[in-house]
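All remarks here apply to the structure that follows.
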Amino acid sequence: MKHCSLQLLLLAFVPACTAINQKDAFLDSLPRPSNIVFSDDFENGLGQWSQLAGTWAAGSPGANGSALISPTGTSASPYTISTASNIDLTNRSNCRLQYDVRYSFSANPGIGSGALGQILFAGNLIGEFKNIWGASALSSSGQFVTRSALLTAGISGKLTIIVSVPTSTMADVRIDNVSVSCQNAASAAYSVVLDNFESGVGNWTLNTNWALTAGVGVGGSNAIKATNTFANSPMIATYQPNINLQGRIGCTLNYYYSQVGSSQLANSIDLYFGGQNIRRDLASVASSNVSQFLTVFEGNSNNSLYFACNIPANNGQSAPCTIDNVVLNCQQ
């Protein structure tokens, strides 16, 4: 009698286990919610991309396996590749691009003719690992580094990668593990540097030719201004102390400059960051509000920041240089 009871219990248990297993299998087959809108690790080639200029490839080494590899050779026109389809961020929020990049750029043969590397979304610049004005060789030291950028929500557009390799320069750029995710935790901008010079120049070391000057900044405010001479060119204004960007992403440096009345096209205001000349604004543009990405330098704990007012001696006297409203914002 006891054996019969045990058999009946086993017969009741087996269908119950089968039902549970079937339910689990059904749940496993359902699509799982994900905040990943787009991803590509390039293990399956470039099927998700359209080559617009130059011959791009997928190959080793990558951060892991294959990576997107920029074209070799030189060209007067930038090499360009973009996603084949738009990445749709409509009805989404808190979207972020993340990718691994390894880059190596040779020294430029002349300022203003250098290589560059940029990433755009929907036509807007969102990342830059080499700026055209940097004359020095620049690389990630043979390592893949992870970069991130916040994307504008509510729009649809293509992700575009541009590498410019003019004559006499060299660039080797590899990008891996590209992903766009949304519904991330909100990340507010953090001001690493904020200076409009209304409280003086306590955060700056100025050489003899620079001085705090009233009425020459934005809207007639205070600004720092270099006097009209080439005797001490380049004239340097240095932010103190050096800047730590470790743990920060999507860093942008904004500032206003003016070179009022100059007719000497070779004169310039140069921005140096992390020991690199990353931007040069020629006197042919009298004034502008600049927004400059600092993607190359994110993660560095000891970045120098300074402006150089350049007046070549063979160009004679020139109008002064003015800097105002220096703001460095990052995400974290």
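The values are calculated or read from the model by the stated rules, or taken from the named source; none is laboratory data. A quick note: this is a predicted structure, and the numbers were derived from the prediction, not measured. No Cβ is skipped: glycine too gets one built from the backbone with ideal geometry, and neighbour counts run over all protein chains shown. In case anyone asks, the SASA skips ligands and DNA or RNA and just uses the protein heavy atoms, side chains included. Shrake-Rupley method; radii C 1.70, N 1.55, O 1.52, S 1.80 Å.
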Identify all residues within region 184-197 that are at pLDDT below 90 and in a loop (DSSP other than H, G, I, E, B); write none if there are none. 184, 185, 186, 187, 188
Report the residue count in region 38-59 for those that are in a loop (DSSP other than H, G, I, E, B) and under 16 Å from residue 164 (Cβ atoms). 3
All conditions in (1) in a loop (DSSP other than H, G, I, E, B); (2) surrounded by 21 or more Cβ atoms within 10 Å (Cβ to Cβ) are true of residue 296 except (1)
Here is a list: 88, 100. Which entry is over 19 Å from residue 42 (Cα atoms) and open to solvent by 10 Å² or more (accessible area, probe 1.4 Å)? 88
Could you please find all residues in region 198-213 being touching a residue at least 24 places away in the same chain (Cβ under 8 Å), open to solvent by 70 Å² or more (accessible area, probe 1.4 Å) and assigned to a strand (DSSP E or B)? 205
Of everything in region 210-257, what is among the hydrophobic types (A, V, I, L, M, F, W, C) and out of contact with any strand residue (DSSP E or B) (no Cβ under 7 Å at 6 or more places or on another chain)? Give them in sequence order. 214, 230, 231
Being modelled with pLDDT of 90 or more and under 14 Å from residue 162 (Cα atoms) is the filter; apply it to region 60-77 and report the residue that is surrounded by the fewest Cβ atoms within 10 Å (Cβ to Cβ). 71
Quick one: in region 168-183, of everything that is part of a loop (DSSP other than H, G, I, E, B) and open to solvent by less than 40 Å² (accessible area, probe 1.4 Å), which residue is farthest from residue 117 (Cα to Cα)? 182
Residue 291 fails exactly one of (1) open to solvent by less than 50 Å² (accessible area, probe 1.4 Å); (2) assigned to a strand (DSSP E or B); (3) touching a Ser or Thr at 6+ places or on another chain (Cβ under 8 Å), namely (1)
Within region 49-59, can you find the residues that are under 22 Å from the mean Cα position of the chain (by Cα) and open to solvent by 50 Å² or more (accessible area, probe 1.4 Å)? 51, 52
